[in-house]
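Take a look at the structure set out below.
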Amino acid sequence: MRISNRFNFLFFGIAILICCLWGNFNNSTVYSAVPSYTTRVSQIAQAPNGEFIQAPLPYDYNALEPFIDAKTMEIHYTGHHGGYLKKFKKTIEEHPELKGKTLEQILGNIDNMPSDIRTSIRNNGGGHYNHTVFWAIMTPNGGGEPNGEFAKAINDSFGSFEEFKEQFKAEAFKRFGSGWVWLVRDKNGRLEITNSAGQDNPIMEGKYPILGTDVWEHAYYLKYNNARGSYVDAWWNTINWDEVNARFKESQTV
């Protein structure tokens, strides 16, 4: 009898251990090797305790004029990005098992998120990530051409920076309605221009977004009306190549 009890205890102990290990595996992500809060986005989008935050803009609302006007920047940052973050935090509060996860870990594992919050995570968590990248890769007195290893990678992948910009602009027109246009590093290490609907982003497909622009109309309509191409052309004058270079390097390690 004692042997049987010991066997049952051992059996159930092993079963519990297997379930725990499986749960950890099932919650893993393509970014699981990245230590928490060390990616460029997580250092901005999350506090050291893991709370999701909206970092202050690194420049004034009018700092990107004449390319992006102050009113658009204010509404975009406070109303749109701020709104996504507020809803995302409420979603996370309802599922404490997600507390402490990075944005990359959550978005990179979107298909395994609880079904009742998957859409909210896609829309609001995606919106928080996308805008965090967007603000960081722009700067006053930006623009010009890329340099260093990133410039070489652009030339190798697309022929020239000018050809890259033309392909990027064409991708912006392919996105019907609201969304984003991205330069990503794919799973095979190749650079690729792609687009995503709504607030989806490349991390959901296991890709790393190096740079991207918002082609929702709220990002440009006050100044450019429906001229999406003119907005994209002007946007290149705001690019922070130091940040893009840093993201390009990070894309090689995640």
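Just one of (i) 0.94; (ii) 1.24; (iii) 1.16 is Cα Rg over 2.2 N^0.38 Å as worked out from the coordinates here. Which one is it?
Among (i) 0.94; (ii) 1.24; (iii) 1.16, the one calculated here is (iii).
Relative contact order (percent) for segment 42-188, with alpha-carbon contacts under 8 angstrom and 6 or more residues of separation?
Computed over segment 42-188, the figure is 21 percent.
Mark the label point 7 Å from the Cα of ASN141 along Cα→Cβ and return the residues of segment 235-254 whose backbone N is within less than 20 Å of it.
Label zone hits: 235-246.
Would you please give the residues with an amide H less than 5 Å from that of GLY179, counting only those at least 5 places away or on a separate chain, with H modeled from the backbone geometry?
Distant-sequence amide H within range of GLY179: GLY198, VAL215, TRP216.
Lysines within cross-link reach of LYS249: Cα-Cα under 18 Å, excluding same-chain residues under 8 positions apart?
Straight-line reach from LYS249, under 18 Å: LYS152, LYS187, LYS207.
Can you list the residues, at least 5 places off or on another chain, whose amide H is less than 5 Å from the amide H of LEU211, using H built in the peptide plane?
LEU183
Hey, could you get me the Stokes-Einstein D for segment 148-251, Kirkwood radius over alpha-carbon pairs, 10 °C and 1.306 mPa s, rounded to whole µm² s⁻¹?
Using the Kirkwood radius from Cα pairs, D works out to 113 µm²/s.
Short version: ³J(HN,Hα) in whole Hz for each residue of segment 53-65, in order, from phi by Karplus 6.51 cos²θ - 1.76 cosθ + 1.60 (θ = phi - 60°), x for Gly and Pro, what are they?
9, 9, 5, x, 4, x, 7, 6, 4, 8, 6, 9, 5
Based on other C-beta atoms within 10 Å, arrange ARG185, ARG40 from fewest to most.
Going from sparsest to densest Cβ surroundings: ARG40, ARG185.
Could you work out how far apart the two model spin labels at ASN226 and ASN188 are, taking each label as a point 7 Å from the Cα in the direction of the beta carbon, and quote it in nm?
It is 3.9 nm.
Checking the cross-link filter: which lysines have an alpha carbon closer than 23 Å to that of LYS86, excluding same-chain neighbours under 8 positions apart?
In chain and number order, the partners are LYS71, LYS99, LYS101.
Which whole-Hz couplings ³J(HN,Hα) result when phi for each residue of segment 164-177 is put into the Karplus expression 6.51 cos²θ - 1.76 cosθ + 1.60, θ = phi - 60°, listed in order with x for Gly and Pro?
4, 5, 5, 5, 5, 5, 4, 5, 4, 6, 5, 6, 6, x
With a cut-off of 8 Å between alpha carbons and a minimum separation of six or more residues, what is the relative contact order of the chain in percent?
21
Taking the Cα-to-Cβ direction at PHE173 and at HIS95 and moving 7 Å from each Cα, how far apart do the two end points lie in nm?
Going by the 7 Å Cα→Cβ label model, 3.9 nm.
List every residue whose amide H lies under 5 Å from the amide H of GLN46, counting only residues 5 or more places away in sequence or on a different chain, with H placed 1.01 Å from N in the peptide plane.
ILE53
Taken together, the values in this text are just the output of simple stated rules run on the coordinates, not laboratory data. Predicted model only: the values in this text are computed from it and were never measured. Backbone-built Cβ (ideal geometry, glycine too); neighbour counts: all protein chains shown.
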